[in-house]
Structure formats: structure tokens, C-alpha cells
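Structure first, then comments.
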Amino acid sequence: MDNTEISQKLKEMLDLRYEPVGVKIIKQGNKPTESFKEPESSIRHCQSIMKARKGESFVIPAEKHACVVGASSIGLVPTPQKVKEGEFHANIGMFDCCDAAANMICQRFELGEESTIATIVGPLKDFKTKPDVVVLVDLPETLYWLIPAATFFEGGRQAFSTAAFQATCVDSTIIPLLTGKMNMSLGCFGCRRATDIKNEEMIAGIPYDNLGKMIEALEKIHQGPMQKARQK
């Protein structure tokens, strides 16, 4: 399947309201693999994903990333000292103290400092090459069906890692990239404040290499259990 077909299958079987979003991270020494344009002004990673689900596409170099917290987790820039020490997030009022906020940053998944040069974000159907991760934004019931798809062949349980911040950059991009497993997030302060994500929507990040088996599973689930549950 090419990316257009993968995207169409996901949209049809899950009944997605938006386009599946491809995300590729360009490492030092490499060049962007897509002909998407740079955004006219700086943009956050979460904003690029929310725009891409509605059809926009971007190649975003490090200097065009507006959120230093997100950019540092993606390896584009060094992590500022105030972020490392917790002062930045504690000042927002969502942690009791700097140590608590610093503990969140200490435990986050991240790429090596300044190991990357850009992100590529756009509708999956527009990618000519293979992205690293596919991000879906939709209702909980819609994204729920990714769980039986992920466990269809081998069973087991799904464990998701999330935090009060970095729902798209860490939870939905870096964790799937580094672990090779799907991850889900309820959203975060930053993306809910800076993007048009709706109160009732959440986010899933899926390693691109996992999509083939997940689509195979969804095809088996779609006409049976999924329709029975949705037609209650």
C-alpha cells in the first residue's frame, strides 16, 4: 500500500474526521525528503499537527519551531536551563514546585540534543516517502479501535505514557518513534491552549512501520465487533 491508500483505509475504517498526519524527523547530515514548504512564521509542533490534519503541510527547520520545550525534546535545540530545573513549568501553576516540574522533564522521552535539524509534518496521503510516525486526532471512541487493532494478533495489554505537557511532541511523536509502539495522550496544557483541538478530542501516535498489521487487523474487526458496538 502507498501512503494515499493507507490514509484512505484508516479514514474509512475508523471513520476519522480528519486526515492522518505523517511526521518525519530529519537528523543532522540529512536533507528533507518531501517538497513541502517552510511555514511563513514560526510554529509549534502541536500547531503543525493540528493544521496538517486539515490539509496543510510543512518542512519546519529548527529556527522555525516556536516552542522551545517541544523543539528540545525533538532534538532540534538544547533544553533551556529553566526548563531542566522546572522553573518554566512550575511558573505556569501546574506543579507544586520546581522539583516536581523538573521531574517531569527528567523522565520525558527525547532525542539527543541538537541531533536533528527539522521536522516534516503533513497529511499522510501527501507523503511520497516513509514518515516516522502517523498521528491521529479524534474522539476517544474513534481512537479506541486502535487498541484492539494493536493487540489483535498477539493479545496482551497496551500501556500508554503521558504527562501534563508535551502531548504531541513527546507523547505522540517521540515515544512511538523511540519505542516502536503506539502511544496515546489526552492532550496537554500547551496544545489545548495553542491549537484548535476540541475539548473532547485526544491524540494517538503510531509508528509508521506498525500500520500494515494494524490495518490488516482493522479490516477483520471493522465489519464485526466495530459495527456491533457502534450500532447500539
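The values are calculated or read from the model by the stated rules, or taken from the named source; none is laboratory data. Not measured: the values here are computed from a predicted model. Counting neighbours? That spans all protein chains shown, and the Cβs are built from the backbone with ideal geometry, glycine included. Heads up: the accessible areas ignore ligands, DNA and RNA and are worked out on the full protein's heavy atoms, side chains in. Shrake-Rupley method; radii C 1.70, N 1.55, O 1.52, S 1.80 Å.
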| note | Checked the range 105-124 for anything more than 15 Å from the chain's Cα centre (by Cα) and crowded, with 18+ Cβ neighbours inside 10 Å; matches are Ile105, Thr116, Ile117, Ala118
| remark: Exception for Met94 within (1) open to solvent by less than 20 Å² (accessible area, probe 1.4 Å); (2) aliphatic (A, V, I, L, M); (3) over 19 Å from the mean Cα position of the chain (by Cα) falls at (1)
| Ser161: at pLDDT 95 or above, crowded, with 22+ Cβ neighbours inside 10 Å and either hydroxyl-bearing (Ser, Thr, Tyr) or on the phi > 0 side of the Ramachandran plot (or both), yes or no? | no
| message | Cys191 - would you say it is in contact (Cβ under 8 Å) with a residue 60 or more places away in the chain, open to solvent by less than 50 Å² (accessible area, probe 1.4 Å), in contact with a His (Cβ under 8 Å, 6 or more places away or on another chain) and under 21 Å from Glu63 (Cα atoms)? | response | no
| List the pairs whose first member sits in the range 48-77 and is at positive phi, whose second member is in a loop (DSSP other than H, G, I, E, B), and whose Cβ atoms are under 8 Å apart, counting only residues at least 6 apart or on separate chains? | Gly55/Glu19; Gly75/Glu110; Gly75/Leu111; Gly75/Gly112; Gly75/Glu113; Gly75/Glu114; Gly75/Ser115
| Which residues, taken from the range 141-155, are open to solvent by 70 Å² or more (accessible area, probe 1.4 Å) and either more than 18 Å from Asp209 (Cβ to Cβ) or of a type in the set (Val, Ile, Thr) (or both)? | Glu141, Tyr144
